[in-house]
1. What nm value, rounded to one decimal, do you get for the distance between ARG186 and ALA72 when each label is placed 7 Å out toward the C-beta?
2. Provide the net charge surrounding LEU164, with neighbours chosen by a C-beta distance below 11 Å and charges set as Lys +1, Arg +1, Asp -1, Glu -1.
3. Leaving ligands, DNA and RNA out of it, rank GLU39, GLU148, GLU108 by accessible area with a 1.4 Å probe, largest first.
4. Around HIS105, with a cut-off of 13 angstrom between Cβ atoms, what is the net charge of the other residues, counting Lys and Arg +1 and Asp and Glu -1?
5. By the gyration tensor of its Cα atoms, with a ≥ b ≥ c the square roots of the eigenvalues, what is the shape of region 115-158: rounded for a/c under 1.5, prolate for a/b over b/c, or oblate?
6. If packing is taken as the average number of other Cβ atoms within 10 Å across a peptide's residues, how do 120-127, 72-79 rank, most packed first?
Amino acid sequence: MARSMSSRASSEWPSWLLPAFLAAHALATAALIPALGVESSLYRAIPWVFGASFLLSLLPPLAMRLRSEAMAWRLAPVVLYAAMISLASSVSPRLATSYSVSWFHALEYAGLTLLAQLAAHRNPRVPLAARRLGGVLLAAVAFGALDELHQSFVPGRIASFRDLGLDALGALVGTVLFLVGRSWLRRRAGDSQS
């Protein structure tokens, strides 16, 4: 029994990964949103949402659920992150420059795709399925397209192919970050076994 528990624990992503991701996003958005000159109170609440999510992810019962094998629990952070993107797209922000906010698309879709790849590939020791990896990437880009369509109905917002391209670039960066992190963890696990 002890052997199966230890092998199960070593075959999952590290427990610090999701809290670290949420803390990094809380800090990044806390720095970026004022720097971009965002006046919307909804946008200004985003760092607080990430910060609260970070604290919740540290609670042992919730942390255990988020690491469970149930797909609904593993997808919960992805769905909440996507909901934040949709909610942010529903507001017409007053920004200092439209160029600077466009790069925010890449950042948010890199985060969304990284979370989705982590949820889809629970065990870093299992060989990657290219179809699943590509499917998650395409799903993130499709969500970006739907988000751009959604923005076309919001007063003061427009659908933009440039923004969709930045969403796709962010999704690609999120996938690359996932692959690099997975490779690092696998190498590290291999070094500790020898």
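The values are calculated or read from the model by the stated rules, or taken from the named source; none is laboratory data. In this text, all values refer to a predicted model and were calculated from it rather than measured experimentally. Here the Cβ positions follow ideal geometry from the backbone for every residue, glycine too, while neighbour counts run over all protein chains shown. Calculation scope for accessible area: heavy atoms of the full protein, side chains included, ligands and nucleic acids excluded. Shrake-Rupley method; radii C 1.70, N 1.55, O 1.52, S 1.80 Å.
1. It is 3.2 nm.
2. Numbers: positive: ARG162; negative: ASP147, GLU148, ASP163, ASP167.
So the surrounding residues net to -3.
3. On the way: GLU39 115, GLU148 10, GLU108 30 Å².
Ranked from most to least accessible, the order is GLU39, GLU108, GLU148.
4. Taking every Cβ under 13 Å from that of HIS105, the sum is -3.
5. prolate
6. Descending packing order for the listed peptides: 72-79, 120-127.
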